[in-house]
Structures are given as structure tokens and as C-alpha cells.
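Working notes, beginning with the structure itself.
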Amino acid sequence: MKQERATTSQGILPAPFHSLEPFCAWALAKESERIHKRLASSMEELRAFYDAMLPQMETIVPYLNQFSLERMPEDAQRLFFLTLSFVEVTSAIELYGQPGVINGFDPARFLPVE
């Protein structure tokens with residue numbers, strides 16, 4: 001059973017992650033929203049988000065793991081959505097060098113179950 005510790009932040013994100021608040025536009029709940037944001041962003045925007053998130057991932061994951069998905073505080077939930085967006089952006093930065101998938105099918109054909 002996961003321990004449900006209360007967050008001490010009154011901000012948009014939990015206190016240890018306030019430096020990520022400029023990127024809260026990436027805190028998107030739906031996969032389709034994250035895909036659209038990635039495709040609509042420049043590589044410079046993707047790189048800035050990636051560079052901000054990457055060094056904090058070793059701290060973010062254990063922080064989020066203290067909560068169940070059903071009882072996650074709102075600020076931690078936003079951090080969780082940022083983390084999902086980070087995963088969405090990673091392949092664009094590390095593999096493709098562009099927002100879209102190389103030799104992939106039209107993303108409009110992809111219909112995630114949300």
C-alpha cells in the first residue's frame with residue numbers, strides 16, 4: 001500500500017518542482033493533447049522543456065510514487081501530466097530531431113482511448 005503524504009506546496013506544482021512551473025502548459029491530461037502540443041511546438045520549445053525536465057526525473061519519479069493515482073493531490077497530478085508530456089517529447093529530441101515521427105503515419109489517424 002502506498003503512503004499518502006500531503007504535499008506542502010500552495011503553488012501550481014509541488015514545492016521541490018517550482019522551477020518547472022514555466023512549463024505548465026505541458027501539463028496535459030489527455031494523450032491526444034500531448035501529441036498535438038508536441039507536433040505544434042518548435043524544436044527549440046521541445047528542447048527547452050526536455051532540458052528542464054530531464055535533470056529532475058530522478059527526483060520526480062519517487063515523489064510521484066508516494067501517491068496512488070486515485071488520491072494524488074492536484075499539484076502532484078500536474079507534475080504527473082508534465083512527466084507524461086516529457087515522455088511524449090523524448091523521442092522527438094533523442095531520436096527524430098523533429099516534432100513528428102519519421103516515416104510515421106499521419107497522427108490524425110491515431111485515436112487514443114482516453
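Tell me which residues, restricted to region 43-93, are under 9 Å from the mean Cα position of the chain (by Cα) and of a type in the set (A, V, I, L, M).
The answer is Met53, Leu79, Leu82, Leu84, Val87, Val89.
In region 52-106, what residues are within 13 Å of Leu13 (Cα to Cα) and of a type in the set (Gly, Ala, Ser)?
Passing the criteria: only Ala76.
Read the figures in this text as sums done on the coordinates, not as results from a lab. Keep in mind the model is a prediction, meaning the values are calculated, not measured.
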